[in-house]
Structure formats: structure tokens, C-alpha cells
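To keep things clear, I will list the structure first and then write my remarks on it.
The values are calculated or read from the model by the stated rules, or taken from the named source; none is laboratory data. Note that the structure is a prediction, hence the values are computed from the model and not measured. Cβ placement follows ideal geometry from the backbone for every residue including glycine, while neighbour counts extend to all protein chains displayed. Only protein heavy atoms, including side chains, enter the accessible area calculation; ligands, DNA and RNA are left aside. Shrake-Rupley method; radii C 1.70, N 1.55, O 1.52, S 1.80 Å.
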Amino acid sequence: MTAPATPFPAVLPPDMDKIAMGWLHTAKFLTTAPELHHLPALDVPEIAFVGRSNAGKSTCINTLTQQHRLAFASKTPGRTQSINLFSLGKQGITDAVLADLPGYGYAAVPKAAKYRWQQVMANYLQTRRNLTGIVLLCDPRLGLTELDEILLDVVRPRVVEGLKFLVLLTKSDKLNKTEAAKVLSIVRLQAGGGDVKLFSALKRKGVDEVARHLWDWAHPEGLEGVAAATAQSAKPAPPAGAADPEA
Ligand code: GDP
């Protein structure tokens, strides 16, 4: 006689949307750096948010982290621009950071400041050692502009080497279905077949999906790896001079 089929799985699969959103909600301001050498050297994965001014970057960061004023949506254009870092991690253990890079392309910024900033950004994207992924925010009504294309060229060698890259077409609530499909296929081509998604903070489109994506980037070892790391950090330190039984 065969056993009757159980109507529910014995163990429910973990709700990864909830885990990823809960993780992003832990975001806390860490530091701000006007130049690359002011950034602390870190050994946790770093995920950078970049894009033209007004692309919807601050709104996207605030939506993902479920915090109204983490990234400031009202910035003074032209003031000294800085890279802002936010730490992420449960139980006070930082396991990743978000980097908010100032928006580029604002017409009123003096040429010298624009140039200085492009240099800082290119340098950051090319050399930041713990940089794991880049999220490029783009207003789909403008598409990828010349400055976005320059950025793509700057990061291409690192993407080829495995750096994660995602383009978010923000404010997608402003597009109808036909427009959305068209801009998606054009930007996919421009991004060389890279990952491109529609996003709307207003309609919460793509929020959970992007959160999961970022969680996966920061936790390549998956949930089991996270549990093991948490257990390890909770272990009391052995007394000084004691031999490590696991050595
Ligand atoms: P940033 O300069 O890239 O940080 O852009 P902001 O986050 O400040 O957003 C620029 C403008 O776009 C603001 O007026 C936002 O209210 C608007 N915006 C941002 N996200 C959305 C969205 O999902 N839908 C709509 N309709 N407007 C948005």
C-alpha cells in the first residue's frame, strides 16, 4: 500500500523575498567620502548604485531599504559630491555595503567639477577591490545616454571578469506596455545582453525581485553559508593560548 500524498511539504521553503527585504532594511549610514582614498578598505561585498541625476537613484535606495531618508532625494546640484556608504547586516554583523555614487550629467554643474567627478567615479569603478556589483539606474524615457555608455565602457572589463551588473529602468509606471517592451529590448542591446529590469518605486514594481538579486550577489554561499557564518561569529573566543580544536 502506498502512503497517502501529504498535502503540504513538511518544511516550507524559506521566503527569500522577505529575507532579502529584511536584510536591506538593516541599512545604516556608514561614511561619506569625497575622494577615493577617503573610503575605508572593506572586505565585505560592496554594491554600487550609479546613474544620471534625477534617474530615481535616491528613491530606489530608499524604497529597497524601506527608509524614507537614507539616500537624500533633495540634493543641491553642484555641491561637493561624495560617495556615501551604507552598511548592511543582521545582528549587528556587517555582511555587505551599499555605495551611493552621486548622479552625473546635471547640466548646471561647472565643467571642472564634472570632470573631477567623472575621474573619481571611473577610479572607484575600476579599482575598488571589494566592489561586487553595480546597479545602473536609468530613466527609460531618456534611455542610456552618452554618459551611461561611457560608464558601461569603464566597467566592461570588470564585468567580463565576473563583476555583477544590473540596469534598472526606473519610473516604469510612466510607460505603457508597448513602450516598456520597446525600451527593455533597446537597453538590453545597448547593455550588451546584460541584465535589465523594469522598476517603479511608485508602483513597487520589481522591488522584491531586485532585493533578492542584491541578496544573492552579497551571499553567493546561500542561506546555509549565512547560518554557518552567524554560528561562527556567535562562538565564544577560546581562552588565550588554548589550542583551536578545529585547527
Ligand atoms: P536621483 O537624482 O537619481 O536620486 O533621483 P530621485 O530619486 O531624486 O528622483 C528624481 C525624480 O523622479 C523625483 O521627482 C522622484 O519623485 C521621481 N521618481 C523616482 N522614482 C519614481 C517612480 O518610481 N515613479 C515615478 N513616477 N517617479 C519617480
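Taking 7 Å along the Cα-to-C-beta vector as the label spot, tell me the Thr94-Asn176 distance in nanometres, rounded to one decimal.
Going from the Thr94 label point to the Asn176 one covers 4.8 nm.
In Å², and per residue, what accessible area does the range 141-186 have when probed at 1.4 Å with the other protein chains present?
57
For the chain, what does the helix formula give at 222 nm: sum of -39500 (n - 2.57) over DSSP H segments with n ≥ 4, over the residue count, nearest 500 deg cm²/dmol?
Computed mean residue ellipticity for the chain: -11500 deg cm²/dmol.
If each residue of separation counts as 0.36 nm, what is the full-extension length gain between Arg141 and His25 once their alpha-carbon separation is subtracted?
38.8 nm
Between their Cα atoms, which of Lys18/Lys90; Lys57/Lys174; Lys114/Lys174; Lys18/Lys174; Lys18/Lys203; Lys57/Lys111 are more than 21 Å away from each other?
As for pairs spanning more than 21 Å Cα to Cα, those are Lys114/Lys174; Lys18/Lys174; Lys57/Lys111.
State the antiparallel share, in %, of DSSP beta bridges confined to the range 10-147, rounding to the nearest 5.
50
Extent of the chain along each principal axis, from alpha carbon coordinates, in Å, largest to smallest?
Over the chain, Cα extents along the principal axes are 68, 60, 35 Å.
What distance in nm lies between label points placed 7 Å from Cα along the C-beta direction at Arg69 and Ser233?
Modelled inter-label distance: 2.8 nm.
So what's the net charge close to Asp208: Lys and Arg +1, Asp and Glu -1, counting the other residues with Cβ under 13 Å from its Cβ?
Net charge around Asp208: +2.
Can you say what percent of the DSSP beta bridges in the chain, counting only those with both residues inside, are antiparallel? Round to 5.
35
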